[in-house]
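The values are calculated or read from the model by the stated rules, or taken from the named source; none is laboratory data. Computed from a prediction, not measured in an experiment: that's the story for all the values here. Every residue, glycine among them, receives a Cβ derived from its backbone with ideal geometry; neighbour counts consider all protein chains shown. For accessibility, only protein heavy atoms count, side chains too; no ligands or nucleic acids. Shrake-Rupley method; radii C 1.70, N 1.55, O 1.52, S 1.80 Å.
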Amino acid sequence: MLTIRKLSKSFGGRTLFEDAQMQVNYGERVALVGPNGAGKSTLFNIILKQDEPDQGKVERDEWTMIGYLPQESEAVADETVLEVATGRAGELEKYEAELKALEDKGDVEGAEYLEAQAKYDALNDPQIEAKAKAMLTGLGYKEEDLDRKAREMSGGWIMRAHLARLLAMEPDLLMLDEPTNHLDLISLLWFQDYLKTYKGAILMISHDRQFLDELVQKVFEIDNPKLNPYKGNYSDYEKQREENFQRQYTAYRNQQKEIKALQDFANKFRSVASKASQAQSKLKQIEKMDIIEKPRRPKKPFAFCFPQPERGGQPAITISGVHFAYGDHQVYSGVDLTVDRGERTVLVGPNGAGKSTLLKILAGELQCQEGDRRLGHNCKIGYFSQHRSDQLDANNTVVEEVLKCAPPEYREDQVRGILGSFLFRKEDIYKKTDVLSGGEKSRLNLVKFLVDPPNLLLMDEPTTHLDILSVESLIIALERYEGTLVFISHDVHFIRKLATKVLHVKNGELRSYPSGYDYFLEKSGALDDRAAIVA
């Protein structure tokens, strides 16, 4: 289906990959992994013919239809959500124009024409609307939202509409670049289950460890500048990579010992007439060796020490008899909740159940219309929302912004290390905060919390925009955190590692499960994660 042969690409004077080889067969689920900036998206662009390699080639079966989901959603105008998902927002016209242009050139037998024709036919299918509606529903859209203008929706919801179109077209090869970034837990679990039975092949870039473990059968790692293949899912890849390192390091050390022994003999006896020929022989042995390079140890999560917050009272926070509504839509009616000091509570529940609303009420971002909110003694709240990433001083650099809120004992090199673990590299830390992307601002605010944490931390989707190592760094930090944590996340691995209590939110009611995520799944009696959360 897809074969990469001896591919090389350099960018900005740096070699991203060299002599890269990769094959994706029909029906396979393949992950492309590597740190940010390694060249994953560049390799995608070369496969999609949006970029050219320096050397090598990409071979595709001429009958293969590729569907691609980029990290950032495409622009929308006045089309509805359903029109985006069915291709009636310019997609059909685009493929029709491509076909006509190729026909005018007489090129009607090449792979480009065949793919354009396949995509045009897929969107012209009489069943396309029914398929698109099923995909939109699975991805969290309500029936009444399908006829809304797409531009009225957030970027994340627009991305879901584009994803729905791809799934409805059923391409032979799905290429997905960070497809879970804008999904909540329910839609992610639906998407994950859907992909498990998808008939086509899948090539994906993802920073969601659990998602990769559930789906992929093969991993290719870009590791400057090699493209290394591994069998199995992400956890299998991690294990094999560590085993490979240990094997290579042992071989390297053994060879270095051998070289040292030979060199020592030569140095000692090269001036001794009776031993000179033997000394020369030892040097020739060294010259004939295939020298083993010292392998680089696989990168590990960055474990940093941060000051623990001042101890708060018990309980940490309480709400009682709380009523809250958006206009005529009643979210909560007389709800009670006590969050005990030291708990790590995850909020789960169906789309629109009110999880983010509850977090905002706890944070004081929303005022309850009736009822009472009481903070525990000495309670200091920190509220992290992925939609509130603009509260930064535009005149500060990234490192200045962190140092401003860090305790006095923090040195710049400590701050640089923490920023590096959250994807701020080298010169990035000297950027002014006003030129950062939304994702960079979100990550910067996360670092600010970690260097001076409050004793009640409320976090809405904190792992968005983080790679796998950064997520692990955040997990380590929060495991050591001695305060109280209430959070929402679509990252099942993150939930499993941290949650000591699950709060199921549905129909304005809260049901508490006083243990971790697996305990919640067991007690729910549901057959799978998604059923448990929706129930």
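What to note about this one:
- Label positions at A261 and K300, each projected 7 Å from the Cα along the C-beta direction, are separated by 3.1 nm.
- Loop-resident sites, segment 72-121, for GluC sites (Glu not before Pro), counting at most 15 other Cβ within 10 Å (DSSP): E72, E74, E109
- What segment 459-535 shows is 38 Å² of accessible area per residue, with the surface traced by a 1.4 Å probe over protein heavy atoms.
- For F17, net neighbour charge (Lys/Arg +1, Asp/Glu -1) across residues whose Cβ lies under 13 Å away: 0
- Here's how it looks for F487: its modeled amide H is under 5 Å from those of T345, V346, L347, M459, which are all 5 or more places away or on a different chain.
- Electrostatic dipole magnitude of segment 300-359 [Cβ: Lys, Arg +1; Asp, Glu -1; Cα centre; debye, to 20]: 320
- Its DSSP H runs of at least 4 residues, each contributing -39,500 (n - 2.57), put the calculated 222 nm mean residue ellipticity of the chain at -12000 deg cm²/dmol, to the nearest 500.
- Under the Debye formula (equal points on every Cα, no solvent term), log10 I(q)/I(0) of segment 174-277 at q = 0.09, 0.12, 0.23 Å⁻¹: -0.44, -0.58, -1.22
- Whether segment 78-221 is rounded, prolate or oblate, judged on the alpha carbon gyration tensor where a/c under 1.5 counts as rounded: oblate
- Stretchable slack from E409 to K149, in nm (0.36 nm times residue separation minus alpha-carbon distance): 88.5 nm
- Between segment 17-87 and segment 310-386, the alpha-carbon center distance in angstrom: 42
- Under 12 Å, Cβ to Cβ, from H377 - net charge with Lys/Arg +1 and Asp/Glu -1: +3
- Dipole of the chain, positive direction: furthest Cα of F11, I46, Y481, with charges on the beta-carbon: Y481
- In a simple Cβ point-charge model (Lys, Arg +1; Asp, Glu -1; nothing else charged), the chain has a dipole of about 3080 debye relative to its Cα centre.
- Taking a sphere under 12 Å around the Cβ of Q240 and counting the other residues whose Cβ falls inside, with K and R at +1 and D and E at -1, yields a net charge of 0.
- Highest mean packing first, where packing is the average number of other Cβ atoms within 10 Å per residue, the peptides 116-129, 461-474 line up as 461-474, 116-129.
- The phi torsions of segment 149-162, fed into the Karplus equation with coefficients 6.51, -1.76 and 1.60 and a -60° offset, translate into couplings of 5, 4, 5, 6, 8, 6, x, x, 6, 5, 4, 5, 5, 5 Hz, rounded to whole numbers, with Gly and Pro shown as x.
- Segment 424-464 and segment 106-153 have Cα centres separated by 36 Å.
- Across segment 306-318, coupling constants 3J(HN,Hα) worked out from phi with the 6.51/-1.76/1.60 Karplus curve, θ = phi - 60°, read 9, x, 7, x, 5, 5, x, x, 10, x, 6, 7, 9 Hz, and Gly and Pro carry x.
- What separates the Cα centres of segment 466-535 and segment 255-302 is a distance of 54 Å.
- 3J(HN,Hα) from dihedral phi, segment 261-272, Karplus parametrisation 6.51/-1.76/1.60, rounded to Hz, x for glycine, proline: 5, 5, 5, 4, 4, 4, 4, 6, 10, 5, 9, 9
- Gyration tensor verdict on segment 22-115 (Cα atoms; rounded if a/c is under 1.5, prolate if a/b is larger than b/c, oblate otherwise): oblate
- With the largest listed first and rounded to whole Å, the semi-axes of the equivalent ellipsoid of the chain from the Cα gyration tensor are 45, 37, 21.
- GluC sites (Glu not before Pro) restricted to segment 269-323 and DSSP loop, no more than 16 other C-beta within 10 Å: E293, E310
- Simple spin-label estimate for D104 and L48 gives 2.5 nm between the two label positions (7 Å along the Cα-to-Cβ direction from each Cα).
- The chain, accessible surface, carbon-and-sulfur percent (1.4 angstrom probe): 46
- Two-site label geometry, T500 and A273: point separation in nm, points 7 Å out along Cα→Cβ: 8.1
- With the cut-off at under 20 Å, measuring from each backbone N in segment 289-314 to a point 7 Å along the Cα-to-Cβ line of Q248 picks out 289-301.
- Whether segment 379-472 is rounded, prolate or oblate, judged on the alpha carbon gyration tensor where a/c under 1.5 counts as rounded: rounded
- Once the chain from N224 to K239 is taken as fully extended at 0.36 nm per residue, the excess over their C-alpha distance is 3.5 nm.
- Linear extension gain, E72 paired with R311, 0.36 nm per residue minus alpha-carbon span: 81.9 nm
- Cβ-placed point charges (K, R +1; D, E -1), dipole of segment 271-331 about Cα centre in debye, nearest 20: 800
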